[in-house]
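Data first, discussion second: the structure below is written as structure tokens.
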Amino acid sequence: MNYPFGRDVLLSSVGFDRLLDAFSQIEKSVSSNPAPNYPPYNIVKQTENQYLIELAVAGFKRDEIDITAEANKLTISGKVAAQREGEFLHRGIATRDFRHEFTLAETVVVRGADLVDGLLVVRLENVIPEEKKPRKILIGGTEPSLVIENQRQQAA
């Protein structure tokens, strides 16, 4: 795989094996399965940690749409149970079966889904555990660095 960010980044990176494997898997998936364009969808970043996926699913009922979250993959599929009867003089609203797969980061969880005004809205949240948040690392001590600095000033 050719990395667009160059070899130097890899030489100074530690522990990104799974991330690079995920990029490789996405690249293989995209080359073998082009991205579906039906139904159209949006991915919206609402806040720093909250996202929405909106799919235009006009003509689908709630029981015709299936949402599955498994590991880091979110799958949304729709299957029309029965076609409408009657002769269409014009058919502009497509109601064909579909399947979308979204790859989620390990820290992203699905918070819920709603069907509003013909849009399926899936709410996602990036939940960063406390141990993953930035923290100060002290050298050679367990005291906070401010206390250590104050003790040094008093000793001088």
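Read the figures in this text as sums done on the coordinates, not as results from a lab. All figures in this text were calculated on a predicted structure; none of them were measured in a lab. Heads up, the Cβs are rebuilt from the backbone with ideal geometry, glycines too, and the neighbour counts pull from every protein chain shown.
The modelled label-to-label distance between L89 and E27, using points 7 Å beyond Cα along the C-beta direction, is 5.4 nm. For the pair E64 and E106, label points projected 7 Å from Cα toward Cβ lie 4.0 nm apart.
With the highest mean first, a sort of the peptides 78-87, 106-115 on other beta-carbon atoms found within 10 angstrom per residue produces 106-115, 78-87. Pairs exceeding 32 Å between alpha-carbon atoms, taken from K45/K79; K45/K136; K28/K136; K61/K133; K73/K133: K28/K136; K61/K133. One decimal place: the segment A56-Y38 gains 5.6 nm when fully extended, by the rule 0.36 nm per residue minus the C-alpha distance. Sorted on the mean count of surrounding Cβ atoms within 10 Å across their residues, most packed first, peptides 119-130, 40-51 read 119-130, 40-51.
Placing unit charges on each Cβ (+1 for Lys and Arg, -1 for Asp and Glu) gives segment 58-104 a dipole about its Cα centre, and among A82, T103, I93 the Cα reaching farthest toward its positive end belongs to I93.
Taking label positions 7 Å along the Cα-Cβ direction at both N126 and E48, the computed distance is 1.0 nm, reported to one decimal.
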